[in-house]
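Enquirer: Below are the structure tokens for one structure; questions will follow.
No value in this document is a laboratory result; all are computed from the given coordinates. Here the structure is a predicted model, which means the values were calculated and not measured. Cβ coordinates were reconstructed from backbone atoms using ideal geometry, including for glycine residues, and neighbour counts include every protein chain displayed.
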2 protein chains.
Amino acid sequence: MSLYEACIPQMSKMLENLSAWLDKAAASAEARGFEPEVLLNARLAPDQFNLTRQIQAAADTAKFAGARLSGKEAPSHPDTETTLDELRARLKASVEFLRGLTAEDFKGAADREIVLPFLPDMGTRGADYFNEFVLPNFYFHATTAYAILRHNGVDVGKRDFIGGMKLFPKSAPAS
Amino acid sequence: MSLYEACIPQMSKMLENLSAWLDKAAASAEARGFEPEVLLNARLAPDQFNLTRQIQAAADTAKFAGARLSGKEAPSHPDTETTLDELRARLKASVEFLRGLTAEDFKGAADREIVLPFLPDMGTRGADYFNEFVLPNFYFHATTAYAILRHNGVDVGKRDFIGGMKLFPKSAPAS
């Protein structure tokens, strides 16, 4: 399995799914008569990130994964978003960066040494960084964003979470 | 990157992490003077799975991924758990099945045709099944289980979620 394939198309799609959940959040707020930005400050526990920071963290986890695994520089996003539109723009910019990376950029990524800013004396192998750190963090923040919306009555469902899948007609059984 | 490596060690570790969150849930319930099973019926939205079903779904997503990608039969777990101990046993049994699979069992798994029970006429490539279906579903249920505990005041934190990582001392810079 290619690390590029596991990383770029899937995380880009998930960030686009997340943006679509925000569309549903805006529609739900309008239908129920409150400002959609109320949801951006919602959180599931007093000492956990609110929706805005969950979205920023999901976008950054994906962006830095793309940058570190390819050796490219990540674009800077200073976490200043205060509206749904700004968060959708943040997600779009992150997806554009990710989709700009190529399979060629990921050559050798699985064995590349990755150093995390909060563990400056340690290294981890690219594939381990991706499996043990990027994916759990990425899905953690995406799922928590989804859960905050669900908990606040936005009608997102599992299909919105998963999004499209690459399917083909089943092969005929061997006769 | 090997699909075995992305699947078996990481999902097994996450299920073990989940079991450790249940230890914290039991301790928290005892300290606060309520039955730990109260938490098993907690949910974040009225039309979303409760904690018990989130745990069963996380365990099954991992178990069926291991089975489908290796072509082995998954053990049957009939979703009858009603206590924390039973859920921990379910997680343990799932991890034992997963850790019993080998890299050799996963030979060709990335290109294996996978057919999902709810899409009986369609196939998906093993790697796509894993990236587009297994991982988002697996982390969805694990994160939602974690969020239910967090929302109910159990002191789980991000380190409990991520668990251990394979690290090594950073290479010396080239001189």
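Enquirer: Which lysines does B:Lys72 reach when only Cα atoms under 22 Å apart count, and residues fewer than 8 places away in its own chain are ignored?
Expert: A:Lys170, B:Lys13, B:Lys63, B:Lys92, B:Lys107
Enquirer: Using square roots of five times the C-alpha gyration tensor eigenvalues, list the equivalent-ellipsoid semi-axes of segment B:1-83 in whole Å, biggest first.
Expert: On the way: eigenvalues 161, 45, 24 Å².
For segment B:1-83, the semi-axes come out at 28, 15, 11 Å.
Enquirer: Loop sites only, by DSSP: take the chymotrypsin sites (Phe, Trp or Tyr not before Pro) in chain B that have at most 16 other C-beta atoms within 10 Å and name the longest stretch containing none of them. It would help to have the intermediate numbers written out before the result.
Expert: Working: sites that count: B:Phe34, B:Phe118.
Here the longest run is B:35-117.
Enquirer: Got a sec to turn the phi values of segment B:50-65 into Karplus ³J(HN,Hα) couplings, 6.51 cos²θ - 1.76 cosθ + 1.60 with θ = phi - 60°, whole Hz, x for Gly and Pro?
Expert: 7, 4, 3, 6, 5, 5, 4, 5, 4, 4, 5, 4, 5, 4, 5, 4
Enquirer: Can you divide the C-alpha Rg of segment B:59-146 by 2.2 N^0.38 Å and report the result to two decimal places?
Expert: Values: Rg = 13.6 Å, N = 88, 2.2 N^0.38 = 12.1 Å.
Relative to the 2.2 N^0.38 Å estimate, segment B:59-146 comes out at 1.13.
Enquirer: Name the residue from A:His77, A:Leu167, A:Leu119 whose Cα lies farthest towards the positive end of the charge dipole of chain A, charges +1 on Cβ of Lys and Arg and -1 on Cβ of Asp and Glu.
Expert: The listed residue farthest towards the positive side: A:Leu167.
Enquirer: Karplus couplings for segment A:107-112 from phi (6.51 cos²θ - 1.76 cosθ + 1.60, θ = phi - 60°), rounded to Hz, Gly and Pro as x?
Expert: My calculation for segment A:107-112 gives 4, x, 4, 4, 9, 5 Hz in order.
Enquirer: For segment B:88-175, with only Lys/Arg (+1) and Asp/Glu (-1) charged at the beta-carbon, what is the dipole magnitude about the Cα centre, in debye rounded to 20? Walk me through the intermediate numbers first.
Expert: On the way: 12 positive and 10 negative charges, 114 e Å.
Dipole about the Cα centre, nearest 20: 540 debye.
Enquirer: If you don't mind, there's one more thing I want to ask. Pairs of alpha-carbon atoms within less than 8 angstrom and 6+ residues apart define the contacts here; what relative contact order does chain B have, in percent? Intermediate values should be presented prior to the final figure.
Expert: On the way: 187 pairs, mean separation 56.8, N = 175.
For chain B, the relative contact order is 32 percent.
Enquirer: From the mean inverse distance of alpha carbon pairs (Kirkwood) and the Cα radius of gyration, derive Rg over Rh for chain B.
Expert: Numbers: Rg = 17.7 Å, Rh = 17.3 Å.
Taking Rh as the inverse mean 1/r over Cα pairs, Rg/Rh reads 1.02.
Enquirer: Using only the alpha-carbon atoms of segment A:111-175, report the extent along each of the three principal axes, biggest first, to the nearest angstrom.
Expert: 54, 48, 12
Enquirer: In Å and whole numbers, how far do the C-alpha atoms of the protein assembly as shown stretch along each principal axis, longest first?
Expert: Extents along the principal axes, in whole Å: 49, 48, 47.
Enquirer: Quick one: give the max-minus-min coordinate of the C-alpha atoms of segment B:81-130 along each principal axis, largest first, in Å.
Expert: 38, 28, 12
Enquirer: Still on this structure, please answer the following. If you average the C-alpha positions of segment A:31-69 and of segment A:118-152 separately, how far apart do those two centres end up, in angstrom?
Expert: Between the Cα centres of segment A:31-69 and segment A:118-152 lies a distance of 13 Å.
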